[in-house]
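The values are calculated or read from the model by the stated rules, or taken from the named source; none is laboratory data. Keep in mind the model is a prediction, meaning the values are calculated, not measured. Reconstructed Cβ throughout: ideal geometry from the backbone, glycine too, with neighbour counts over all protein chains shown. Keep in mind that these areas ignore ligands, DNA and RNA; they rest on the heavy atoms of the full protein, side chains included. Shrake-Rupley method; radii C 1.70, N 1.55, O 1.52, S 1.80 Å.
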Amino acid sequence: MPSAFIVEDDRDLAYVFQLYLLSLGWTATIILNGTDAYDRLRAAYFENRMPTAVVLDLHLPGRSGEEIFDMLRSHDLVSRTLICSADVKLVQKYIGLEATALEKPIELKELGQILNGFAVASYKIG
Amino acid sequence: LNAPWKVARSAKYSLLSVTKKIKNYFTVPDTFELDELRMRRVLNFILIMLMVIALISLLLTFVWGDTPAQLLSDPSTVSIIASSGIAGLLIFGLFLLNKWRGSPKNLVGWLLVVVLIVAITFSDSPRQLTNGRSLLSWALPVLVAALVLPPASVFVADGLVTIMLISMSTNFPHDLNLWAILTLLALSLLFWIGMEIANRAIRTARNESQKTFAILQGVAEGIVVVDQHQNVIVSNLVAKHLAGGLLDDLVKNASVNQDVEGRILSFTWSEVSGVGRVAIIRDITREIEVERAKDALLGVVSHELRTPLSVISAAAQMIPLSPNMAGELATRIHANTQRMRVLIGDLLDQAQIQAGALRLRQESFSVASLSGSVSEMMADDANDKNLAFTVRSSSDLPEKLVGDKDRLLQVLINLAGNAIKFTDPGGQVDVIFERHNEQSWKITVRDTGIGIPPQRIPDIFQPFRRASDYATRRHQGVGLGLSIVKQLVELMKGNIDVESKVGKGTTFTVTLPLEAG
């Protein structure tokens, strides 16, 4: 079963994302602040239990999403990270950096397609 | 040992400084009034020319004449040498006097005219001077008077020359050269007309240039003109002030915006044929700051609108996928529409307050209904966070007051909402209405929350303050709530104070003028 970390400080949005992913047959864990997300993702990487996908908001309390993205990139985890932000400028910047990024409000279908793409890729590699 | 190029360079500079000193010595200092300066400069030139002529004639006498011994043995040559020498020294004296600041205006000019008349008187025989070859030399003092003295002086010089012509006529009146006298008078008239025209033209040109100069100095922008070799030929005070001594370097740089000691200067260049290029320099530091602030603000507002919108959109898409969760999803949609409504309301309030368009109502309202509304609207939020929440009003307040109840409620919801938001479960939030003194009453909103660090207190009432800590924002919103509260309280002619201790809690006190309804 593919799994995802939803790094999102808006409880409502995180809840809807989680609900949607569950409906697609994923397991999804919500992380509400940047510092927590940074620590848990790093730990997951070193303990070799990285989720299939990370849905990452950029403006977060504590560590910013940008810091988290830099950390993920340094561990070559960009291919399973989906940036999801309401900051249009930053989204454009990350698209320019060849990251996968969506501008809020997003279409759930698109989110599902991208994450399924991550799952297929990880299945092929794994 | 100094390197050869250093020696060469220092030699070049000492040579340059020597030539500069020589040049300065032979120039009239510009400490005189403009018209006087111009005349003194012409006089200076004439005196230098005369000194050169005297020097050359002395040299020629020695170079091409007989040996010095023979020259000195002949009384006539001795007299020529002596008179040349004396004339040279006299002119040198006039030259020094002309440069001297203390010398009266026109004195040197008159002295030169007199010296010339005396010199001409002794330069030839009276017969030749009145009727012969040297007649024309009388025009010289008149011409000099026209050049270095006020125009009407030519007639005085002409008068002196006429007196000399008359007094030199040995067989008066038979050999009086009336034609020469009339011709000199006509010449004087011509010189006078010429100099009047020239002086007027100079004055007009100067007035025009003074006007241009006044405009140049008066404009708020810096203006600089550079020639084809990028040398500054004209610049106004603003340009010099903005460039802070770096003007010569700045104009060589082609970029449009340049950073000068932390300020950003914009250069707008245009070509002026025959002159070079003109730049208008403006300090756009503030404009750029405002532009950046506007960008940041737009970013925050867009972000704050998109966030609830994305919940509404995602939850609405989710309902058909899991109809059994519809109730829960609808609740979240509603909560987020509320959030958007508050944000839009705040933005509109802020815009209205800034435009001075917000009008307050003055009507009677009951204190009990106000406190009841606050209690009713905030109780659920306080309950959700497990906070003890009380609203009390003291008995020393009149039952009815005059004011804008809705706007007062807005202030209270904002303050109480903040208090609830920033107080951890188990804490307490109190809202107290009481009399302050004879003329005023006050509302206190007190919490036992996280408190505000002292360094943040000065800017908590600033609008859009969250724009600055946008990346790692801790709380939702654009930071308008407290700013609107303060502005509303001030519109009500009241006052708001805040006291806070980190970890202990915060107390906001709103004091308002008391008017019983």
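Quickly run through region B:356-393 and pick out the residues that are among the hydroxyl-bearing types (Ser, Thr, Tyr) and closer than 21 Å to B:Met492 by Cα.
B:Ser364, B:Ser366, B:Ser369, B:Ser371, B:Ser373, B:Ser393
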* Please enumerate the residues belonging to region A:1-11 that are surrounded by fewer than 24 Cβ atoms within 10 Å (Cβ to Cβ) and within 11 Å of chain B (Cβ to nearest Cβ). => A:Asp9, A:Asp10, A:Arg11
* **Residues that are open to solvent by less than 60 Å² (accessible area, probe 1.4 Å) and within 14 Å of chain B (Cβ to nearest Cβ), drawn from region A:69-81** => A:Phe69
* Asked: What are the pairs, 6+ residues apart or on separate chains, where a residue within region B:144-162 that is over 22 Å from B:Leu34 (Cβ atoms) and touching a residue at least 24 places away in the same chain (Cβ under 8 Å) has its Cβ under 6 Å from a residue that is of a type in the set (Gly, Ala, Ser) and open to solvent by less than 30 Å² (accessible area, probe 1.4 Å)?
  -> B:Phe155/B:Ser188; B:Ala157/B:Ala145; B:Asp158/B:Ser188
* Asked: Among the residues of region B:195-209 satisfying the criterion of being closer than 15 Å to B:Met39 by Cβ and open to solvent by less than 80 Å² (accessible area, probe 1.4 Å), which is nearest to the chain's Cα centre (by Cα)?
  -> B:Arg206
* To do: Quickly run through region B:327-352 and pick out the residues that are under 25 Å from B:Phe461 (Cα atoms), among the charged types (D, E, K, R) and within 13 Å of another protein chain (Cβ to nearest Cβ).
  => B:Arg339
* Structure fact -> Scanning region B:322-334 residue by residue, the ones that are surrounded by fewer than 15 Cβ atoms within 10 Å (Cβ to Cβ) and without any contact (Cβ under 8 Å) to a residue 12 or more places away in the chain total 7
* To do: Within region B:339-378, track down each residue that is surrounded by 12 or more Cβ atoms within 10 Å (Cβ to Cβ), within 39 Å of the chain's Cα centre (by Cα) and in a loop (DSSP other than H, G, I, E, B).
  => B:Leu358
* **helices (runs of 4 or more DSSP H) completely within region B:210-326 that count 1 or more residues being over 25 Å from the mean Cα position of the chain (by Cα), over 30 Å from B:Leu480 (Cα atoms) and within 14 Å of another protein chain (Cβ to nearest Cβ)** => B:285-321
* Those residues of region A:12-27 which are more than 10 Å from every other protein chain (Cβ to nearest Cβ) and surrounded by fewer than 20 Cβ atoms within 10 Å (Cβ to Cβ), in sequence order -> A:Gln18, A:Gly25, A:Thr27
* Structure fact -> Scanning region A:85-118 for residues that are buried (at least 21 other Cβ atoms within 10 Å of the Cβ) and of a type in the set (Gly, Ala, Ser), the one farthest from the other protein chains (Cβ to nearest Cβ) turns out to be A:Ala101
* Asked: When only residues in region A:46-68 that are buried (at least 20 other Cβ atoms within 10 Å of the Cβ) and under 24 Å from A:Lys124 (Cβ atoms) count, which is nearest to the other protein chains (Cβ to nearest Cβ)?
  -> A:Val55
